[in-house]
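Visitor: Below you will find the structure I want to go over with you.
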Amino acid sequence: MSTPLPGAPVRGSRTGKPVMALLDLLGRKMALRVIWELSKSDLRFRPLQEAANTNPAVLNTRLTELKEARLVSLGPDGYSLTALGRELAGQLLDLMAIADRWSSELGKG
């Protein structure tokens, strides 16, 4: 499966709209977890694998996609979020706050 990128059809959409590509990418197994773990600190492969509690094949695939999407980069200290990846992580925290409020309003929180 290729990396979902703006301008090309993705799962659930043929439009190529950026939001659809991003939702496809973030909906893939372990993508959000990798972003979450890297939002805390840069990590090398094995520590990231342990933190994300995943297998090396899935992690390698996800890192390849997230690097191609320019949300993650590999540097001398391991994997890290790019500026855009850090911005996305911040937006995900905002989404968590909305989810918590939603849960409370439903009486589930």
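Any read-out appearing in this document is the output of simple, stated calculations on the displayed coordinates, not a laboratory observation. Small disclaimer: the values here were computed from a predicted structure and weren't measured. Positions of Cβ are generated from backbone atoms using ideal geometry, with glycine treated the same way; all protein chains shown enter the neighbour counts.
Visitor: Could you identify the single residue in L93, L81, L106 that is in contact (Cβ under 8 Å) with a residue 12 or more places away in the chain and of a type in the set (A, V, I, L, M)?
Guide: Of L93, L81, L106, the one residue that is in contact (Cβ under 8 Å) with a residue 12 or more places away in the chain and of a type in the set (A, V, I, L, M) is L81.
Visitor: Let me ask you something else. Somewhere in segment 7-30, is a residue among the β-branched types (V, I, T), in contact with a helix residue (DSSP H, G or I) (Cβ under 6 Å, 6 or more places away or on another chain) and more than 19 Å from E87 (Cα to Cα)?
Guide: Yes, segment 7-30 contains at least one residue that is among the β-branched types (V, I, T), in contact with a helix residue (DSSP H, G or I) (Cβ under 6 Å, 6 or more places away or on another chain) and more than 19 Å from E87 (Cα to Cα).
Visitor: Here is a further query. Any residue in segment 12-41 that's in contact (Cβ under 8 Å) with a residue 24 or more places away in the chain: show its pairings with residues that are of a type in the set (D, E, K, R) and buried (at least 17 other Cβ atoms within 10 Å of the Cβ) at Cβ separation under 6 Å, as long as the two are six or more apart or on different chains.
Guide: M30/R62; A31/R62; V34/R62
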